[in-house]
Amino acid sequence: MTTPEIRVQGLRKSFGDNQVLRGIDLEIGQGEVVCVIGPSGSGKSTLLRCVNLLEEPTEGRVFVGGTEITDPDVDIDAARRRIGMVFQQFNLFPHLSVTENLTLPQRRVLGRDKAQAARVAAENLARVGLAEKADAFPSALSGGQQQRVAIARALAMGPEVMLFDEPTSALDPELVGDVLAVMRGLAREGMTMMVVTHEMTFAREVADRVVFMDGGVIVEDGRPEQVIGAPRHARTRHFLSRLLDPAMAEVEEGIADRPGTDRA
Amino acid sequence: MADTDTGVQPKRTGLTRTRRRRLSRGAQYAVLAAAVIAFALTADWGRLQNQFAQPGIARQLFPDLITVALKNTVLYTLSGFVVGLALGMVIALMRLSSVGPYRWLAGIYIEIFRGLPALLIFIFVGVGVPLAFPEVQYPGGTYGKVAVALGLVSAAYMAETIRAGIQAVPKGQTEAARSLGFSPARAMVSIILPQAFRIILPPLTNELVLLFKDSSLVLFLGVTLEQRELSKFGNDLASQTANSTPILVAGLCYLLITVPLSLVVRRMETKALKEIR
């Protein structure tokens with residue numbers, strides 16, 4: 001097997017006394033799509049944010065494309081250019097038009113000239129199906145459109161890895177599909193993707209692997225049909241049953257066996 | 001007792017809501033009318049007009065009122081604003097720095113210059129500094145002095161405004177920029193500051209209005225005839241003519257500038273509110 005695109009070793013992260021990640025080891029191969037699922041507070045977003053060092057790990061090492069991101073001497077800005085990130089809240093730049101959202105980072109960070117940046121921007125807007133919104137401002141777009149622009153903005157930098165932090169959680173249900181379709185297309189093109197999500201259908205259909213986290217550790221890691229279809233661990237089954245049918249969930253009593261509950 | 005069913009009854013005033021409202025409004029208008037009438041009857045209109053509104057004297061003020069006094073007021077204010085904005089920006093960034101001493105220095109500066117009367121700072125800049133450093137020359141002479149004095153005063157206020165503006169930009173904006181490979185400095189300049197300035201445009205314009213008025217303190221620096229601004233000009237001509245008309249006219253000139261500015265601020269604020277909704 002070739003060297004993994006993302007490698008996480010012994011990763012721990014605490015916020016004060018609160019241990020959010022308690023030793024994570026994870027490898028993601030080139031072109032692999034990995035969905036990370038788990039209850040809120042399980043540390044899955046923190047794990048994702050450690051991969052591009054938006055959060056600094058307390059302990060452990062993170063490699064992306066062979067470069068150690070956690071090395072204090074690494075040029076983190078250069079390393080991040082290879083890692084695209086999509087946020088739950090889109091985080092488009094509201095004072096810039098859609099096209100400028102895509103061209104400004106290319107010009108300021110990659111030093112591309114105006115014409116080249118504009119061409120790459122147009123290509124990527126077309127890729128997410130929003131070529132006709134090139135001159136609109138983010139506030140004039142729906143949530144789903146904003147998120148697709150955010151994906152295009154990340155892609156315009158030519159990343160080798162894409163991180164998605166609950167990309168559809170802030171969207172109205174009817175807008176989720178467009179965003180997932182764009183992500184599905186990306187996966188098909190062979191992009192290495194790490195996706196924190198609650199979309200089980202997407203995980204089942206698109207992911208090569210599903211990782212279930214709870215209480216700051218990886219509980220289960222395997223093929224989607226195994227982790228989602230036939231989970232081995234009680235915690236995974238418990239989580240999935242609540243997710244698939246929230247109305248059937250009982251009031252929790254026996255929560256002592258769930259270490260994740262100290263962080264609601 | 002007849003009424004035993006509830007025990008407690010609200011106190012009754014015997015007034016319906018409509019009547020109460022009408023009464024209250026009537027009383028307020030009555031007070032206003034009485035005050036206006038009392039003022040009109042007690043004021044000696046002839047003397048007032050003689051002292052404050054003599055068309056002949058007002059005419060004498062032109063064109064110097066505009067070409068010298070108003071021009072200088074605008075010039076002093078704008079140069080002070082530019083210096084204050086630049087310095088305020090530096091102090092705001094120092095205040096947000098990760099280096100402790102920078103934060104402390106900025107904090108001390110802000111506390112000192114916000115706590116002192118602008119007049120003292122003018123005297124300090126105009127008299128203290130030249131005495132202490134005889135070889136130091138302000139570029140532009142009096143204009144430079146005023147720019148520095150007004151700049152020092154306004155920088156303290158603007159620094160706090162700018163800092164608040166920077167902190168009002170959501171954290172996700174910095175994160176998005178950093179995740180795209182922007183360095184912290186580039187993210188600040190290209191992404192955060194443009195948004196912060198949009199937020200603080202109304203309070204900065206308010207600061208400009210305040211500076212217009214503070215520019216009158218140039219009076220204490222000693223200025224030549226050509227350097228007089230509105231207040232000094234009005235005051236000088238009032239003593240020359242032994243009449244207060246120049247003061248009134250100079251005052252109107254201030255309002256000519258500050259009132260439209262205030263209106264602009266109000267429009268920006270309502271527009272900003274609409275955008276949030």
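Please verify whether the range B:145-154 includes one or more residues that are surrounded by fewer than 20 Cβ atoms within 10 Å (Cβ to Cβ) and in a helix (DSSP H, G or I). It would help to see each step written out before you state the result.
The initial filter retains those residues of the range B:145-154 that are surrounded by fewer than 20 Cβ atoms within 10 Å (Cβ to Cβ), namely none.
No, there is no match, as no residue in the range B:145-154 is surrounded by fewer than 20 Cβ atoms within 10 Å (Cβ to Cβ) and in a helix (DSSP H, G or I).
All but one of (1) polar (S, T, N, Q); (2) free of Cβ contacts under 8 Å to residues at least 24 places away in the same chain; (3) under 30 Å from A:Gln88 (Cβ atoms) hold for B:Asn235, so report the exception by its number.
Of the numbered conditions (1) polar (S, T, N, Q); (2) free of Cβ contacts under 8 Å to residues at least 24 places away in the same chain; (3) under 30 Å from A:Gln88 (Cβ atoms), the odd one out for B:Asn235 is (3).
Of a type outside the set (Asp, Glu) and buried (at least 20 other Cβ atoms within 10 Å of the Cβ): does that describe A:Gln106?
Answer is yes for this residue.
Have a look at A:Val219, A:Val176 and point out the one that is open to solvent by 10 Å² or more (accessible area, probe 1.4 Å) and touching a His at 6+ places or on another chain (Cβ under 9 Å). Quick ask: steps written out before the conclusion?
Values: A:Val176 fails: touching a His at 6+ places or on another chain (Cβ under 9 Å).
Answer to the selection: A:Val219.
Which ones in the range B:209-249 are in a helix (DSSP H, G or I) and among the β-branched types (Val, Ile, Thr)? Quick ask: steps written out before the conclusion?
Residues of the range B:209-249 in a helix (DSSP H, G or I): B:209-221, B:225-227, B:230-241, B:245-249.
B:Val209, B:Val218, B:Thr241, B:Thr245, B:Ile247, B:Val249 - these are the residues of the range B:209-249 that are in a helix (DSSP H, G or I) and among the β-branched types (Val, Ile, Thr).
Pull up the range A:231-254, narrow it to residues that are assigned to a helix (DSSP H, G or I) and modelled with pLDDT of 90 or more, then point me to the one that is farthest from the chain's Cα centre (by Cα). Show your work before the answer.
Step one: list which residues in the range A:231-254 are assigned to a helix (DSSP H, G or I), which gives A:234-244, A:246-248.
Right, trim to modelled with pLDDT of 90 or more and you get A:234-240.
Values: A:Ala234: 25, A:Arg235: 22, A:Thr236: 20, A:Arg237: 23, A:His238: 23, A:Phe239: 20, A:Leu240: 20 Å.
Among those residues, the one meeting the criterion is A:Ala234.
Restricting attention to the range A:112-170, which residues are of a type in the set (A, V, I, L, M) and part of a strand (DSSP E or B)? Before the answer, list the steps.
So the first thing to find is which residues in the range A:112-170 are of a type in the set (A, V, I, L, M), and the list is A:115, A:117-118, A:120-122, A:125-126, A:128, A:130-131, A:134, A:136, A:140-141, A:149-152, A:154-157, A:161-163, A:170.
Residues satisfying the conditions are A:Val161, A:Met162, A:Leu163.
Would a scan of the range A:139-158 turn up a residue that is open to solvent by 20 Å² or more (accessible area, probe 1.4 Å) and within 23 Å of A:Val8 (Cα to Cα)?
For the range A:139-158, residues open to solvent by 20 Å² or more (accessible area, probe 1.4 Å) and within 23 Å of A:Val8 (Cα to Cα): present.
For the range B:199-209, state whether one or more residues are within 14 Å of chain A (Cβ to nearest Cβ) and farther than 22 Å from A:Gln89 by Cα.
First pass over the range B:199-209, keeping only residues within 14 Å of chain A (Cβ to nearest Cβ): B:199-201.
Remaining after also requiring farther than 22 Å from A:Gln89 by Cα: B:200-201.
The answer is yes, given that some residue of the range B:199-209 is within 14 Å of chain A (Cβ to nearest Cβ) and farther than 22 Å from A:Gln89 by Cα.
Checking B:Phe124 against (1) at pLDDT below 95; (2) not in a helix (DSSP H, G or I), which single condition isn't satisfied?
(2) is the only condition that B:Phe124 fails.
How many residues are more than 7 Å from chain B (Cβ to nearest Cβ) and either more than 13 Å from A:Val109 (Cβ to Cβ) or assigned to a strand (DSSP E or B) (or both) when one looks only at the range A:77-91?
So the answer is 5.
Residue pairs, Cβ under 6 Å, 6 or more apart or interchain, first in the range A:94-118 and closer than 16 Å to A:Gly158 by Cβ, second assigned to a helix (DSSP H, G or I) and open to solvent by 50 Å² or more (accessible area, probe 1.4 Å). List them.
Short answer, once both residue conditions are applied: A:Arg108/B:Arg186; A:Ala117/A:Arg107.
Of the conditions (1) more than 9 Å from chain A (Cβ to nearest Cβ); (2) outside any helix (DSSP H, G or I), B:Met158 satisfies every one except a single condition; which number is it?
(2)
Can you find, within the range B:157-180, the residue that is nearest to A:Leu53 (Cα to Cα) among those that are surrounded by 24 or more Cβ atoms within 10 Å (Cβ to Cβ) and of a type outside the set (Val, Ile, Thr)?
Result: B:Ser179.
Mind checking whether some residue in the range A:74-84 is crowded, with 17+ Cβ neighbours inside 10 Å, charged (D, E, K, R) and in contact (Cβ under 8 Å) with a residue 60 or more places away in the chain?
Looking through the range A:74-84, at least one residue is crowded, with 17+ Cβ neighbours inside 10 Å, charged (D, E, K, R) and in contact (Cβ under 8 Å) with a residue 60 or more places away in the chain.
Which condition number in (1) polar (S, T, N, Q); (2) more than 14 Å from chain A (Cβ to nearest Cβ); (3) closer than 30 Å to A:Arg80 by Cα is the one that B:Gln195 fails?
(2)
Would you call A:Ala126 more than 12 Å from chain B (Cβ to nearest Cβ), crowded, with 22+ Cβ neighbours inside 10 Å and modelled with pLDDT of 95 or more?
Values: more than 12 Å from chain B (Cβ to nearest Cβ): yes; crowded, with 22+ Cβ neighbours inside 10 Å: no; modelled with pLDDT of 95 or more: yes.
When the stated conditions are applied, A:Ala126 does not pass them.
I'd like the full set of residues that are in a loop (DSSP other than H, G, I, E, B) and more than 8 Å from chain B (Cβ to nearest Cβ), limited to the range A:92-111.
First, the residues of the range A:92-111 that are in a loop (DSSP other than H, G, I, E, B): A:92-97, A:111.
Those that are in a loop (DSSP other than H, G, I, E, B) and more than 8 Å from chain B (Cβ to nearest Cβ): A:Leu96, A:Ser97, A:Gly111.
Can A:Phe212 be described as modelled with pLDDT of 95 or more, touching an Asp or Glu at 6+ places or on another chain (Cβ under 6 Å) and of a type in the set (Phe, Trp, Tyr)? Talk me through it step by step, then tell me what you get.
Numbers: modelled with pLDDT of 95 or more: yes; touching an Asp or Glu at 6+ places or on another chain (Cβ under 6 Å): yes; of a type in the set (Phe, Trp, Tyr): yes.
So A:Phe212 fits the description; yes.
A:Phe63 versus (1) in contact (Cβ under 8 Å) with a residue 24 or more places away in the chain; (2) more than 16 Å from A:Val195 (Cβ to Cβ); (3) open to solvent by 60 Å² or more (accessible area, probe 1.4 Å): which is the lone unmet condition?
(3)
Restricting attention to the range B:117-147, which residues are among the charged types (D, E, K, R) and either touching a strand residue (DSSP E or B) at 6+ places or on another chain (Cβ under 6 Å) or in contact (Cβ under 8 Å) with a residue 60 or more places away in the chain (or both)? Outline the logic, then answer.
If we filter the range B:117-147 for residues that are among the charged types (D, E, K, R), which is where we start, we get B:135, B:145.
Within the range B:117-147, just B:Lys145 meets the criteria.
The values are calculated or read from the model by the stated rules, or taken from the named source; none is laboratory data. Small disclaimer: the values here were computed from a predicted structure and weren't measured. All Cβ positions, even for glycine, are placed from backbone atoms using ideal geometry, and neighbour counts span all protein chains on display. In case anyone asks, the SASA skips ligands and DNA or RNA and just uses the protein heavy atoms, side chains included. Shrake-Rupley method; radii C 1.70, N 1.55, O 1.52, S 1.80 Å.
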